[in-house]
Amino acid sequence: MTLEARKLDLIQRLAVVKDEATLHIVDEVLSSNNGHTDWQLSDEQKQFVKESIAELDAGMGIPHVEVREKSQKA
């Protein structure tokens, strides 16, 4: 998908959002540093990320395609 196609897709998806909180989050992200935000993770979140990376490195991950196929069947 080209960059332009991705932008159009996001615009279409955003056009139907009815949740004010979601719109606020999108607005905050787009308004801060040209869309780049310095995300601050808690120590617990950092540990979770480290453990997740270790699991992926150990071959314990599930490929995106497999997850997508399972979710489409549900």
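Applying 1/(1 + (r/R0)^6) with r as the Cβ-Cβ distance of Ser42 and Ser71 and R0 = 22 angstrom yields a FRET efficiency of 0.20. Calculated [222 nm] ellipticity per residue, helices only, for the chain: -21000 deg cm²/dmol; basis is -39500 (n - 2.57) per DSSP H run with n ≥ 4, divided by all residues, nearest 500.
Name the shape class, rounded, prolate or oblate, that the alpha-carbon gyration tensor gives for the chain, where a ≥ b ≥ c are the square roots of its eigenvalues, rounded holds for a/c under 1.5, and otherwise prolate holds if a/b is larger than b/c and oblate otherwise. Write down the numbers at each step before the final one.
Details: a/c = 2.08, a/b = 1.28, b/c = 1.63.
Oblate is the answer for the chain, as a/c is 1.5 or above yet b/c matches or exceeds a/b.
Within the same chain, lysines fewer than 8 places from Lys18 are excluded, and of the rest, those with a Cα less than 29 Å from its Cα are Lys7, Lys70, Lys73.
Rule-based calculations on the coordinates, nothing more; no lab input. Computed from a predicted model, the values in this text were never measured in an experiment. Methodologically, a virtual Cβ is constructed for each residue, glycine included, from the backbone with ideal geometry; neighbour enumeration extends over all protein chains shown.
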